[in-house]
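Engineer: Below are the structure tokens for one structure; questions will follow.
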Amino acid sequence: MALVKAGVVVLDCAEPEKLAVFYKELLGAEQTHESANRVEIKGADGMCMAFRRDVNATPPSWPRPENALQAHLDFVVEDLDEAERGVVGLGGRPLETKDAAGPYEERGYADPAGHSFTLRLVPSTAPKQG
């Protein structure tokens, strides 16, 4: 038997209402709860997120070491270019990753409050050739 009933990813931010709108649009989610200091959403795939008001919240500075990455989110997409246009259109911004090694099958971004997340290509199910 599980010790907990469910898990929720919670991001601290100064304006939870605004950040919830960004993620609702990004995930095609619906708002499930709102109080003075917290907004919760649930995506069509069941992913739950919450945004908690912290007027002193400072975003991580990843990839810079001063206020290193504490956690980040990964989202799987079918088309990186299309997803990037959508993220930027919603107010997100690409993060500079000058030294990213290997094929560019993922890209880093920050949401409007500065939390980092990654868009990753759906892993190919086709058999390897060669």
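Values quoted throughout were computed directly from the atomic coordinates according to the rules given, and no laboratory measurement underlies them. The structure displayed is predicted, hence computed values, not measured ones. Note that we place each Cβ from the backbone using ideal geometry, even for glycine, and neighbour counts take in every protein chain shown.
Engineer: Starting with the highest mean, order 72-81, 43-52, 16-25 by the number of other Cβ atoms within 10 Å, averaged over the residues of each peptide.
Structural biologist: 16-25, 43-52, 72-81
Engineer: Oh, and also: For Glu78 and Lys18, FRET efficiency with R0 = 30 Å and r from the beta-carbon atoms, rounded to 0.05?
Structural biologist: That pair, Lys18 with Glu78, gives E of 0.65.
Engineer: Related question: Based on the mean of other beta carbon atoms within 10 Å per residue, what is the order of 109-116, 34-41, most packed first?
Structural biologist: Descending mean neighbour count gives 109-116, 34-41.
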